[in-house]
Structure formats: structure tokens, C-alpha cells
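The values are calculated or read from the model by the stated rules, or taken from the named source; none is laboratory data. The shown structure was predicted, so the numbers you read here are calculated from the model rather than taken from an experiment. Positions of Cβ are backbone-derived with ideal geometry, glycine not excepted, and every protein chain shown enters the neighbour counts. To get the accessible areas, we keep the full protein, side chains included, count just its heavy atoms, and leave off ligands, DNA and RNA. Shrake-Rupley method; radii C 1.70, N 1.55, O 1.52, S 1.80 Å.
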Amino acid sequence: MREACWTCRNRTIQCDQSCFPCLKCKKAGLECRDKKPLRWVQGVAIRGRMRGYMYKETPTNRGALLSAHFRPKRDRRGSHQLQLTLQDPRMQNLDPLSRYYIDYYSQRICRLYILHDSDSNPFRGLLAYALEDVPLLRSIIALAARHLANTGYSFDQSYKNDVVVPTSRFTDTTLDALRFKTQAITALRKRLTRPHQEPVKTDTMMATILLFIFLELLESGLDGWNVHLKGARALVHLYQSLRGKTYSNCGSGEIGQEISTFITRQFSLIETLGASLSQSNPLIEDFCSTSYILSPGQESIVRSFLGCPEFILRSIQFFSSQRQLAAESPHNTAHAQDTLAMIEVTGNFNSLEWASGFKQQHSSPVSPYTAEIENLYMLGEAYKTAALLYGRQVLGPESATAESNELVLQLLGLIDALKTQDTLFKCLLWPTFFAGLHCLERDQQGLVHDCLKRIWDLTACLNAISASNILKDYWERTRLSGAQSHCVGLDRRWLLI
């Protein structure tokens, strides 16, 4: 015989205990329950003085709340490595909020700033070193908090003075990002100004500065990144003066050589593409030293940030330098001749050979090898075509020819063809922006706008919104004036990558 059901006991009648549900509950049309059901109420207690009382959310317990509502999707690739990292005993010394943001960084940020996520992702590799380095740890947490806060923005967010107005619905997360960013900057300053208390760790400091730059991309991509880059350059000069070595060999050994080389590459890439849009364009020389640059095809696909061919980066650097030289000596025709020669060399670059030689350490059962090579080819062609447009802009307005128009159509076609390839498409902000500078027709401008919105959806980086706002203003000025300027240098320092 069964025990009396809770429903009958609660009604103070005798249960027949014959079956489940019992006959009396069936006859009464009630739900027959074995046990007393849970009751959810507002507050921490059902009755008494604590009835209805609710504790205020604090930074300490917010990590548990965020975990319940915004738990990021776990990536199947490399999940075992992630679990080992997050189960590190040193993690237990951190508060729940910090642990949550570290988890968010590992799951979301690490795959955002890399072409292909993998077990050897250098951004995820920084976690092991961050647990022993306060500035690096705080910068990681600030980056994660900023990205989560950005998911509360919309692409059509209002802006003022080239800066997006902060109206994110994740107000507390925005405050977290500001607080952790302040803590990271304070910790880094302490290490630099008090070396007797905080030993100087060159590698981890460079990694921290790199994450600060990526934080600027999330916040707007305006100006601040250049300040951090100058700090990194000053640190390189300081180390070289103390050790008399090139930066490629200046690592202090606290970070693996592969990660250290990767960090150096990113500084070179950022300085090259950032200088391409700046009105004031000092000659690039520090991070673009050939002492560490690998030959084309040697960089692994799982250690590539944008998937831009190394040769194309060097072409863009050359065009930026020629633009500066032309501004200083406008009557010297040698600069134009050198630029034309470089445009020809860049046009002969074989993107298919580059894509085929790109080390394939990433594989996917749903993406055949040939399809991946084709997509990489289109990515390389997109950067190559944008670089050719940039080179023609350096020559001046008179270089706008029918060939330039063909390049624009080709670039728009490549960008549109990659729209379904999320992993590659998120890398196309710089080429998409340059395509937008040449779009006169409404349908082309609409395509560029949709592509920028797609990049925003994939990255939640506010510099995508910044790029859209710059182009909207440029298109409006062009419409009113009736002349297209193809501006090369913007009035502010923008990093649109």
C-alpha cells in the first residue's frame, strides 16, 4: 500500500492509497502530489520579520547572478584545456565576479581576437600567467566586462563627438569594466614606477598593454590605442637601452616564446593599420622591424589575428610611409613613381598561393580543406584589393580611374561572398571601411552598412559603430558637395580593425 499523498493530507481527508494518482484526487480534479511542492516567493523568507526582504546585489555575488543569466556558450574545441585552466587552485582565491569574467574571457574574448580558436590560442594561454600577474589579470577581467556590457548596445546607438553615448542596459557591467580597467592601469603604473616593490616583467607588461589596446577597440577605437602603443614602444626602447638587444629577443622569459612573438606581431599589425587612417602619420619603424617578421606562409592559421597576408601588411606600411613623404615634399615625383611600382608589385601578389601555404592546424569536419582554402583566398584578396585602393589614394585624387571603380566592385563582391563565414568575416572591418570610402551609389552604401552591422553582431566592438558613423558623415558631405574626396587621413586617430 502506498503512503498517503500530500494533496489529501493537505485537504485533511483520508487518502485511499490505492494508486497514483489516487482516486480521491482524480475525482476532485486535483493534482496528486507525493510531497509538498516548492514555493517561490519574493525575498529571503516566507514569514516573519524577513518576509519580502531582498539583499542588494554586490560586486561579490554578481558573478553568481551573471553566471545564471549570461553564461557563455562553451566551445567544444579545447574545452578540456579550459576546464584545467579554470580549475587551477589559484582561481579559488578570486571572488566569484572575477572568476566569472575570466570564464567569459576564455569562452568569448579568446575566440574573438583570433582567426581560428584552438587549444593553442595565445590569448587563452595568457590566463596561466595572469594568475601570477595582477595588471595582466585585471586587464583580462576588464576586457571581458567591457565586452559583456557592449552586448547591451544596439548598432544604431546614438553618438556625440565621434563617441558612442553609453546607454547600455548592462549598467552594472559597465561599472565593472571601468573599475577593473582602473585597477589594471593602477597596477601597471605601480609596477613601472616602483620596480623595487614590483619586479618589471617585460613580457606580461607587453601583453597587458596589448589587451588595453583591444579594450580601446571595444570602447570606440579612437585615440587611446595610440597612447598605449607609444607606451609599449617606450618600454621597448628602455629594454634595448638596458640590454642592448632587439625586441625580438628581449622577452624576460615569463611568457612562452610563441606567445611573446604573437604579441609582437599584433603590435606591428596595429601600428600599420592604425597609421593608414591617421592624418598625422609618423614613419613606422619600431614594431615593424624585420628582425622578427617571418616570411609569408610561415604564420600558423591558429596564431593569426586578422588573416591579413604579411606581404600586404608591408605594402600598407610602405604606402603610409610614402604618404608621409609626399606630404613633406609634394613636388618630388619620385614618391609617386615608387608608389606606382609598389602598387604593381602588390597587384601581382598571389593570394591563392598564400592561402594554400598557410599552415592548416585548424580542421573542421563540416568544412572541407578545399573550401577553407577558397575562403582564405578570398580573405587575402579582400586585403590585397583594399591595399591597392589605399595605394591609389596615396597618389592623389587624379588617380581615381575606371580601374579603381573595378577594384571597389571586386572588393564589395569579396566581402559579400564571405558574409556567411563568421570566423573570417569578423576580420574584415578595415577592408570594408575602405570600400565604403569609394561607394557613391545608395545600394553600395547599403551593402557596406549591412556588412558593418554584421561585424558588430559578431564582435560587439564599438569601433564597428564608429566606422559606420564616420562613413555616414562622409557620404552625407559627399552628397551635399557633389565631390568625392576619398580621404586617406582622418582628423582623429582611429583603429578600425
The stretch 311-343: number of residues that are within 21 Å of Y377 (Cβ to Cβ) and over 28 Å from the mean Cα position of the chain (by Cα): 1
Selected residue (criterion: nearest to Y113 (Cα to Cα)) from residues of the stretch 420-441 that are assigned to a loop (DSSP other than H, G, I, E, B) and open to solvent by less than 10 Å² (accessible area, probe 1.4 Å): C427
All positions within the stretch 392-419 that are at pLDDT 90 or above and either in a loop (DSSP other than H, G, I, E, B) or buried (at least 18 other Cβ atoms within 10 Å of the Cβ) (or both): L407, V408, L411, L412, L414, I415, L418, K419
Close pairs (6 angstrom Cβ cut-off, 6 or more residues apart or separate chains): assigned to a helix (DSSP H, G or I) in the stretch 185-196, at pLDDT below 85 anywhere: K190/E198; R191/E198
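Residues are listed down the side, and each one gets a yes or a no for (1) under 28 Å from A145 (Cα atoms); (2) at pLDDT below 85; (3) of a type in the set (G, A, S):
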position: V227; (1), (2), (3): yes, no, no
position: G251; (1), (2), (3): no, yes, yes
position: I255; (1), (2), (3): yes, yes, no
position: I263; (1), (2), (3): yes, no, no
position: S268; (1), (2), (3): yes, no, yes
The stretch 306-345, subset closer than 15 Å to L273 by Cβ and of a type in the set (S, T, Y), residue surrounded by the fewest Cβ atoms within 10 Å (Cβ to Cβ): S321
Qualifying residue in the stretch 99-107 (condition: modelled with pLDDT of 80 or more and either out of contact with any helix residue (DSSP H, G or I) (no Cβ under 7 Å at 6 or more places or on another chain) or open to solvent by 50 Å² or more (accessible area, probe 1.4 Å) (or both)): yes
Cross-chain or 6+ apart pairs with Cβ under 9 Å, the stretch 477-497 first and under 21 Å from A326 (Cβ atoms), then among the aromatic types (F, W, Y) and modelled with pLDDT under 75: none
So L126, is it under 20 Å from G256 (Cα atoms), surrounded by 23 or more Cβ atoms within 10 Å (Cβ to Cβ) and hydrophobic (A, V, I, L, M, F, W, C): yes
Counted residues, the stretch 471-491 - those being at pLDDT 90 or above and β-branched (V, I, T): 0
The stretch 129-151, residues that are within 16 Å of R90 (Cα to Cα) and open to solvent by 10 Å² or more (accessible area, probe 1.4 Å): Y129, L131, E132, V134, L137, R138
Residue in the stretch 270-285 that is nearest to D223 (Cα to Cα), counting only those that are surrounded by 18 or more Cβ atoms within 10 Å (Cβ to Cβ) and at pLDDT below 85: S278
